[in-house]
Amino acid sequence: WHSCGASVQLFVAIILIDGESLFEFLCFATIVVINRNLPPRPSTIIFHLSSIAPYFFVHHSHRASVVACPCVNTPGYTSFSRHYRDGVDLNRTFPGKEDGTQSQVFCHNILQKLIRHFNYHLDLHTASFGRINSYYVRADMNDPEVAEMTWLCNPQIILHNSGQDGTLRGCATALGIKCLTIEIGNPQSVQTRFVSWTYAGCRRILDHLGMYSLSRSTITPQPPNRANVALCRGGYWMYTKHGGVLEVFPNVNSYVREGELIARVKNIFGNVVEEVYAPVGGGVTVGRSSNPVAYTGDRVIHIGIGTPFFPHSFPLFFFFFFFFCSPPISTP
């Protein structure tokens, strides 16, 4: 257990998997931390950690340890809230302050007493309440080592993101820690397919780092689905302009074309008050709202943009043939 500052002593569970003593772990080890991060959707992540922990056998010759943190925001976990006890989102509060508010002190202690000792960090999330997600990874794809770890996760979507201000991943990256965020689907549910994919991705990363061999495993060292992963250079949320009953049409991990109707808002009498259309260029649906009750300014859909994404039924060579071989279009 690891103590963190609060008016009443608060503990964060730490699982040191087949590592050295805690002192040696803090001083010498190449460390991979796998933590279920700050918003309070623990069921998926705790199931995930309890599934993968017994299979991690770290080679001591590499002076390496794996640390698992099943739940960081324990007050949020016990109160079914994504916020800390003072009502603040911890994952917008890093690096915190030693003499700040409750949430700032907590974030400061987590960063200084725990996170800064790591070399690699896998930050596990699910969607927040009222939303659903694809299985996707947020990572700085300009970092070659982080990019390789991201591909090994074999996600449905990769979203390039250097790390927002105030996030744990952003602060860990600033400390030189190789860090990525893995989004494992929906809140308050265990999607066994996504859990198994994440489990395989974590083991591939450990194999890549020389910490755990896949030689006797059925998991392939290289991801089997790389050609079908949607790589996005960025993404953004679209928001409602009117309140009412929200209906969102696209499934996650699906392509939306420019001008396509993606959502509709009706008033309580069933009259349409707003229709939401896909933006210029379209994109891939990373996540979306699942809550039909919407206020003005609520989230509708998370669109990934950038590298072209084509449905599997659309042969890529047709695109290249059209792009390189079609005659120039004359203008009037």
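The values are calculated or read from the model by the stated rules, or taken from the named source; none is laboratory data. Please read all numbers here as calculations on a predicted model, not as lab measurements. Note that we place each Cβ from the backbone using ideal geometry, even for glycine, and neighbour counts take in every protein chain shown. SASA here: full protein model, heavy atoms, side chains in, ligands and nucleic acids out. Shrake-Rupley method; radii C 1.70, N 1.55, O 1.52, S 1.80 Å.
General remarks:
- Neighbours by Cβ (under 7 Å, 6+ apart or cross-chain): first from the stretch 74-92, over 23 Å from Ala172 (Cβ atoms) and polar (S, T, N, Q); second at pLDDT below 90 and open to solvent by less than 50 Å² (accessible area, probe 1.4 Å): Ser81/Pro40
- Condition check for Gln104: touching a helix residue (DSSP H, G or I) at 6+ places or on another chain (Cβ under 6 Å), under 25 Å from Phe80 (Cβ atoms) and open to solvent by 10 Å² or more (accessible area, probe 1.4 Å): no
- Applying the criterion of being in a loop (DSSP other than H, G, I, E, B) and open to solvent by less than 20 Å² (accessible area, probe 1.4 Å) to the residues of the stretch 112-126, the residue that is nearest to Val300 (Cα to Cα) is Thr126.
- Of the residues making up the stretch 231-248, those that are open to solvent by 80 Å² or more (accessible area, probe 1.4 Å), in a loop (DSSP other than H, G, I, E, B) and modelled with pLDDT of 95 or more are Lys241, His242.
- Top-ranked residue in the stretch 249-288 [being over 20 Å from Ala127 (Cα atoms) and in contact (Cβ under 8 Å) with a residue 40 or more places away in the chain; ranked as surrounded by the most Cβ atoms within 10 Å (Cβ to Cβ)]: Val256
- Search result, residues across the stretch 204-230 that are in contact (Cβ under 8 Å) with a residue 60 or more places away in the chain, assigned to a helix (DSSP H, G or I) and in contact with a helix residue (DSSP H, G or I) (Cβ under 7 Å, 6 or more places away or on another chain): Ile205, His208, Arg226
- Total residues in the stretch 127-164, condition assigned to a loop (DSSP other than H, G, I, E, B), open to solvent by 50 Å² or more (accessible area, probe 1.4 Å) and touching a helix residue (DSSP H, G or I) at 6+ places or on another chain (Cβ under 8 Å): 2
- The residue of the stretch 181-216 that is surrounded by the most Cβ atoms within 10 Å (Cβ to Cβ), among those that are within 18 Å of Asp123 (Cβ to Cβ), touching a Leu at 6+ places or on another chain (Cβ under 8 Å) and charged (D, E, K, R), is Arg204.
- Residue identified as in a helix (DSSP H, G or I) and either at pLDDT 90 or above or not aliphatic (A, V, I, L, M) (or both) among Ser103, Ser81: Ser103
- Screening Asn225 on (1) open to solvent by less than 50 Å² (accessible area, probe 1.4 Å); (2) under 23 Å from Ser134 (Cα atoms) shows it passes everything except condition (1).
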